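Novice: Got a structure for you, written out below as C-alpha cells; questions coming shortly.
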Amino acid sequence: MECISVFDMLKIGIGPSSSHTLGPWRAAERWISELKTSQKFQNVQAITVNLYGSLSLTGKGHATDYAIMLGLSGKDPETIPTVDIESTVKNIKDNHTLNFGGEFQLKFNPKTDIIFNRKFLPFHANGMSFTAVINGKKLTSKFYSIGGGFVVKEERKNAKKNYEIKCTFPYPIDKGTELLQYCKQLNKPISQVVLENEKSIRTETEINAQLQRIWDTMLECIYIGCHTEGNLPGGLNVRRRAYDLHKNLKGNKPYSSPVEWVYAIRDTEVKFRQILKWVSCFALAVNEVNASLGRVVTAPTNGSAGVIPAVLMYYLVIENHDGNFEDIKRFLLVAGEIGSIFKKGATISAAMGGCQAEIGVSSAMAAGALTELLGGTPEQVLVAAEIAMEHHLGLTCDPIGGLVQIPCIERNAMGAIKAINAAELALDTSPENVKVPLDKVVNTMWETAKDMNTKYKETSEGGLAIGVHLSDC
Ligand code: SF4
C-alpha cells in the first residue's frame with residue numbers, strides 16, 4: 001500500500017505550478033544527485049533538457065524553463081530568496097552559462113538547451129528528459145512530474161511506489177472507508193489517526209515545527225498578496241485584486257506583522273457579504289503571489305494553493321477568534337489526509353484530470369478539515385470532502401496563455417467558498433442519509449479524468465485558453 005505523508009501533500013515551494021515548476025525543479029535536483037551517486041557529476045561536459053506534452057505546451061507560461069535552470073543551478077525551492085530568482089535566470093540567459101549543481105560552470109543556452117517538445121510520452125502527460133554528455137557519450141534520464149510536486153522515474157510499474165518515504169504507517173489508508181474504520185477502532189477523530197501515522201516517521205516536536213512552518217508560509221503569502229499592488233507578470237496585464245479588496249475591507253487597527261494583522265482582522269466588524277469578500281481576498285492573495293513566482297505551499301498543488309489557507313484564515317478570523325496552533329495542526333492533518341486519498345484513488349495532476357484534480361481536490365481537503373474544526377464527526381468530515389468534490393467534477397483546465405492566472409486565481413476563491421458551504425451542509429447531514437460516499441466520488445473523478453479530452457488537461461488548447469486571445473486581455 002502506498003503511504004503518503006501530510007508533508008508530501010503540503011510542500012513549501014515557488015509558484016506558479018507544482019507540476020510544471022516544483023516538479024521539474026525537483027527532477028533536476030534528483031538528476032544531479034543521481035549523477036553524483038554514480039560518480040559522473042564532475043565529468044559532465046554539456047547538458048540538454050527535453051520537455052514533453054503538457055510541460056512543453058504550457059511550460060513557458062508556467063515558468064518550467066525557470067524551474068529547470070534553478071534546479072540545475074543547485075537552488076532549493078524551499079529556501080531560495082524569491083528576490084534571487086529573476087537575477088539567477090537572467091544571468092544564465094545573458095551569459096549562456098550556469099553553475100551546475102551550484103558547483104562548477106557549464107555552458108548552457110536555455111534557448112537551445114531546453115527543448116519544448118510537443119510530443120507526449122506514453123506514461124504521463126508531464127514528461128521530461130535530462131541528457132548529459134560525459135566523456136563524449138550521451139546519458140539520458142527520464143522523469144515525470146505527476147502533480148503536486150511529486151516526481152517519479154520512468155519505470156511505469158514502480159512509479160506508484162516510487163516515493164521517498166518508506167511506508168511504515170501503523171494505520172495505512174487508501175480509502176475513506178479505511179480511515180473511518182480506524183477512527184471507530186481507536187475512537188479518535190481523523191486528525192489524531194493521521195497524527196499517529198506521522199509519528200511513525202518523525203517526532204511530534206518535528207511534526208509541530210514543520211506544520212508551524214507551513215502555516216507561517218501560508219500566512220505570509222496571504223499577507224504579501226494583500227499588501228502588493230500592480231499587475232502580474234506574464235503579459236496578460238492581470239491586475240492584482242487582493243490589494244484593492246483588502247484595502248476596502250480592512251479597518252483602522254494598526255499592525256506591523258502578519259500575526260498582528262490576524263488580530264486586527266478579528267477586531268474588525270464583519271458583515272455577511274464581507275465574509276465572502278474576505279475569504280475571496282485571502283484566496284486571491286495567495287494565487288497572485290503564486291502567479292508572480294512567490295513562495296507558496298502546494299495544497300495540493302500551486303495552482304490551487306489559495307483554497308486551504310483562505311479557509312483556515314476564515315476559521316481563525318471569522319469562526320473562532322480563540323483558534324490557535326492546535327486548530328491549525330488539526331486542520332492541516334485532516335486536509336493532507338484527504339488530499340492523499342484523492343492522489344491514491346484518482347489524481348492531483350491537471351495534466352491527467354483537469355482542474356477538478358487541483359481546485360476540486362483542494363476544496364475537498366479544506367471542506368473536510370473545516371468540518372472537523374467545527375465539531376463534525378469523521379463521517380461528516382468525509383461527507384464535506386465528498387460534497388466539495390462532487391460540485392467540481394468535470395472542471396477543465398484551460399489557463400489563458402498557459403499562465404496560472406485566468407481562470408486559476410479566481411477559481412481558488414470559488415473553491416474556498418464551496419468548501420465552507422460543503423462543510424456547513426455536511427454538519428447538517430446524518431451519515432445514514434449519505435447517497436454518495438467519498439470513495440465513490442474519488443472513483444468518479446478518476447473516470448471523468450480518463451474521459452476528458454486532452455485539450456482540457458493543462459494544454460491551453462481548449463476552453464478559455466482558445467476562447468479568449470492574449471490580444472483581448
Ligand atoms: S485551470 Fe485549474 S488546474 Fe489549470 S492551471 Fe489553472 S488552477 Fe491549475
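The values are calculated or read from the model by the stated rules, or taken from the named source; none is laboratory data. It should be emphasised that the depicted structure is a prediction, and the values quoted were computed from it without experimental measurement. Note: ideal-geometry Cβ built from the backbone for every residue, glycine included; neighbour counts use all protein chains shown. Each accessible area value is taken on the protein alone, full model and side chains, heavy atoms only, with ligands, DNA and RNA left out. Shrake-Rupley method; radii C 1.70, N 1.55, O 1.52, S 1.80 Å.
Novice: Taking into account only those residues within the stretch 122-152 that are basic (K, R) and touching a strand residue (DSSP E or B) at 6+ places or on another chain (Cβ under 6 Å), which is nearest to K450 (Cα to Cα)?
Specialist: K142
Novice: Shifting gears a bit: Go through the stretch 11-41 and report how many residues are within 15 Å of L70 (Cα to Cα) and either aliphatic (A, V, I, L, M) or open to solvent by 10 Å² or more (accessible area, probe 1.4 Å) (or both).
Specialist: Residues that pass the stated criteria total 9.
A quick yes/no check of all residues on (1) within 20 Å of I146 (Cα to Cα); (2) polar (S, T, N, Q); (3) more than 12 Å from the ligand (Cβ to nearest atom); (4) in contact with a strand residue (DSSP E or B) (Cβ under 6 Å, 6 or more places away or on another chain):
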| residue | (1), (2), (3), (4) |
| --- | --- |
| C355 | yes, no, no, yes |
| E386 | no, no, yes, no |
| M414 | no, no, no, no |
| L425 | no, no, yes, no |
| S430 | no, yes, yes, no |
| V434 | no, no, yes, no |
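Novice: Please work out which residue is farthest from the ligand (Cβ to nearest atom), limiting yourself to the stretch 305-331 and to residues that are assigned to a helix (DSSP H, G or I) and farther than 25 Å from S18 by Cβ. Full working, then the answer.
Specialist: As a first pass, look at the stretch 305-331 and keep what is assigned to a helix (DSSP H, G or I): 307-319, 325-331.
This time we only want the ones that are farther than 25 Å from S18 by Cβ, so: 317-319, 325-327.
Working: V317: 25, I318: 25, E319: 26, F325: 29, E326: 31, D327: 27 Å.
Top of the filtered list is E326.
Matching residues to (1) at pLDDT 95 or above; (2) in contact with a Cys (Cβ under 8 Å, 6 or more places away or on another chain); (3) assigned to a helix (DSSP H, G or I):
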| residue | (1), (2), (3) |
| --- | --- |
| N158 | no, no, yes |
| N162 | no, no, no |
| C167 | no, yes, no |
| L179 | yes, no, yes |
| Y182 | yes, no, yes |
| K188 | yes, no, no |
| S191 | yes, no, yes |
| I207 | yes, no, yes |
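Novice: Let me ask something additional. Residue check: is E410 within 13 Å of the ligand (Cβ to nearest atom), open to solvent by 30 Å² or more (accessible area, probe 1.4 Å), in contact (Cβ under 8 Å) with a residue 60 or more places away in the chain and not aliphatic (A, V, I, L, M)?
Specialist: On the way: within 13 Å of the ligand (Cβ to nearest atom): yes; open to solvent by 30 Å² or more (accessible area, probe 1.4 Å): yes; in contact (Cβ under 8 Å) with a residue 60 or more places away in the chain: yes; not aliphatic (A, V, I, L, M): yes.
Spelling it out, E410 is indeed within 13 Å of the ligand (Cβ to nearest atom), open to solvent by 30 Å² or more (accessible area, probe 1.4 Å), in contact (Cβ under 8 Å) with a residue 60 or more places away in the chain and not aliphatic (A, V, I, L, M).
Novice: Any residue in the stretch 375-383 that is without any contact (Cβ under 8 Å) to a residue 60 or more places away in the chain and within 16 Å of the ligand (Cβ to nearest atom)?
Specialist: no
Novice: Within 13 Å of the ligand (Cβ to nearest atom), in contact with a helix residue (DSSP H, G or I) (Cβ under 9 Å, 6 or more places away or on another chain) and part of a helix (DSSP H, G or I): which single residue out of N302, N290 fits that description?
Specialist: Of N302, N290, the one residue that is within 13 Å of the ligand (Cβ to nearest atom), in contact with a helix residue (DSSP H, G or I) (Cβ under 9 Å, 6 or more places away or on another chain) and part of a helix (DSSP H, G or I) is N290.
Novice: Continuing with this model, one more query. So, S349, is that one surrounded by 24 or more Cβ atoms within 10 Å (Cβ to Cβ), under 20 Å from S19 (Cβ atoms) and more than 11 Å from the ligand (Cβ to nearest atom) or not?
Specialist: Numbers: surrounded by 24 or more Cβ atoms within 10 Å (Cβ to Cβ): yes; under 20 Å from S19 (Cβ atoms): yes; more than 11 Å from the ligand (Cβ to nearest atom): no.
In short, no.
Novice: Have a look at V404, V381 and point out the one that is over 19 Å from the mean Cα position of the chain (by Cα) and either under 24 Å from V289 (Cα atoms) or among the β-branched types (V, I, T) (or both).
Specialist: V381
Novice: Moving on. Restricted to the stretch 1-16, and to residues that are of a type outside the set (D, E) and assigned to a loop (DSSP other than H, G, I, E, B), which residue is nearest to T217 (Cα to Cα)?
Specialist: Checking each candidate, the answer is L10.
Novice: Considering only residues that are among the β-branched types (V, I, T) and open to solvent by 60 Å² or more (accessible area, probe 1.4 Å), which ones fall in the stretch 458-472?
Specialist: Residue satisfying the conditions is I466 alone.
Novice: In the stretch 437-447, is there at least one residue being in the same structural domain as G235 (by TED's automatic domain parsing), within 16 Å of the ligand (Cβ to nearest atom), buried (at least 24 other Cβ atoms within 10 Å of the Cβ) and free of Cβ contacts under 8 Å to residues at least 40 places away in the same chain?
Specialist: Taking the stretch 437-447 first, the residues in the same structural domain as G235 (by TED's automatic domain parsing) are 437-447.
The next check asks that each one be within 16 Å of the ligand (Cβ to nearest atom); those that pass are 445-446.
Imposing the further condition that a residue be buried (at least 24 other Cβ atoms within 10 Å of the Cβ) reduces the set to 445.
Next cut, free of Cβ contacts under 8 Å to residues at least 40 places away in the same chain only: none.
No, every residue in the stretch 437-447 fails to be in the same structural domain as G235 (by TED's automatic domain parsing), within 16 Å of the ligand (Cβ to nearest atom), buried (at least 24 other Cβ atoms within 10 Å of the Cβ) and free of Cβ contacts under 8 Å to residues at least 40 places away in the same chain.
Novice: Further question on the same structure: Would you mind stating whether K277 is out of contact with any Lys or Arg (no Cβ under 9 Å at 6 or more places or on another chain) and either within 11 Å of the ligand (Cβ to nearest atom) or free of Cβ contacts under 8 Å to residues at least 12 places away in the same chain (or both)?
Specialist: no
Novice: If I filter the stretch 17-29 for residues that are under 13 Å from G147 (Cα atoms) and not in a helix (DSSP H, G or I), do I get at least one hit?
Specialist: yes
Novice: Which residue is nearest to T21 (Cα to Cα), if the candidates are limited to the stretch 388-401 and must be of a type in the set (G, A, S) and surrounded by fewer than 24 Cβ atoms within 10 Å (Cβ to Cβ)?
Specialist: Among those that are of a type in the set (G, A, S) and surrounded by fewer than 24 Cβ atoms within 10 Å (Cβ to Cβ), it is G401.
Novice: Can you say whether V296 is farther than 22 Å from H20 by Cβ and not assigned by TED's automatic domain parsing to the domain that holds I80, as far as the supplied structure shows?
Specialist: Taking the combined requirement at face value, the residue does not satisfy it.
Novice: Let me ask another. Working only within the stretch 358-387, note down all residues that are open to solvent by 10 Å² or more (accessible area, probe 1.4 Å) and either among the β-branched types (V, I, T) or not assigned by TED's automatic domain parsing to the domain that holds V317 (or both).
Specialist: T377, V383, I387, listed by residue number.
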